[in-house]
1. Given the C-alpha centroids of segment 109-152 and segment 60-103, what is the distance between them in whole angstrom?
2. Provide the gained length on full extension for the span residue 47 to residue 197, in nm with one decimal, where the gain is 0.36 nm per separating residue minus the Cα-Cα distance.
3. Rank by packing, highest mean first: peptides 196-203, 119-126, 73-80, with packing defined as the count of other Cβ atoms within 10 Å averaged across residues.
4. Highest mean first, how do 41-48, 84-91 rank when packing is the count of other Cβ atoms within 10 Å averaged over residues?
5. Using only alpha carbon positions, build the gyration tensor of segment 61-104, then give the equivalent ellipsoid semi-axes as the square roots of 5 times its eigenvalues, largest first, whole angstrom.
6. Suppose the chain between residue 113 and residue 73 were pulled fully straight at 0.36 nm per residue; how much longer would it get relative to their current alpha carbon spacing?
7. Roughly how many nanometres apart are two label points built 7 Å out from the Cα toward the Cβ at residue 82 and residue 137?
8. Taking 0.36 nm per residue of sequence separation and subtracting the Cα-Cα distance, how much length would be gained by fully extending the chain between residue 38 and residue 59, in nm to one decimal?
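Please treat every number below as a calculation from the coordinates, not as lab data. Quantities reported herein were computed from a predicted structural model and do not represent experimental measurements. Cβ placement follows ideal geometry from the backbone for every residue including glycine, while neighbour counts extend to all protein chains displayed.
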């Protein structure tokens, strides 16, 4: 993965949503008539960084198999492609049953400028929200662990393939490919943040483009989530 590479064009008729601008300050006060809950896909582009209030690992561990030098290889089109070598690898078992692995902790991340695009978005914006009561005006929060997960809020109209258009405030929860997926593209991984234990994250931020979010849940947001698309 390369950080800070040039932006590529988003596909099809997907609406690109950014939330810095003047844009939509607020929408109609009429809430969605029914509880919305459906699945879609999305892409994420932008810079993710360690949270200011907790720039550290989370407590969950991803165990990655390695060879006897600490190297991890991903299978791509039937071939083993080198991905990462950990100097903190360990062994388990002995003789012909000896295996090698490295433990990685997940990385909480936030984004001030990241954008989500989805075929389910039919007009609106990904709203700014606050991270853990301490970091305001972010667009997306997430975790880089076995896969890249995202949480965000969308104000506007969404299109459920089964029930049609709905207008309101919606919570977005999604995740992309696993670190081992050959089709992961630029999807962030624990390798990018060098979070193998007992090391500390030496990478503070990462810029990615069109990262696939293959599973995006769109649900009606809690009533305490405001309709504003502007800064908190």
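1. Rounded to whole Å, the Cα centres lie 32 Å apart.
2. Details: separation 150, 0.36 × 150 = 54.00 nm, distance 2.42 nm.
This chain segment gains 51.6 nm when fully extended.
3. Working: 196-203: 13.9, 119-126: 20.8, 73-80: 11.4.
The peptides rank, most packed first, as 119-126, 196-203, 73-80.
4. Working: 41-48: 22.1, 84-91: 15.9.
Put in order of decreasing packing, that is 41-48, 84-91.
5. Numbers: eigenvalues 68, 35, 15 Å².
For segment 61-104, the ellipsoid semi-axes come out as 18, 13, 9 Å.
6. Working: separation 40, 0.36 × 40 = 14.40 nm, distance 3.20 nm.
Using 0.36 nm per residue and subtracting the Cα-Cα distance, I get 11.2 nm.
7. 4.3
8. Numbers: separation 21, 0.36 × 21 = 7.56 nm, distance 3.00 nm.
Once the chain is fully extended between residue 38 and residue 59, it gains 4.6 nm.
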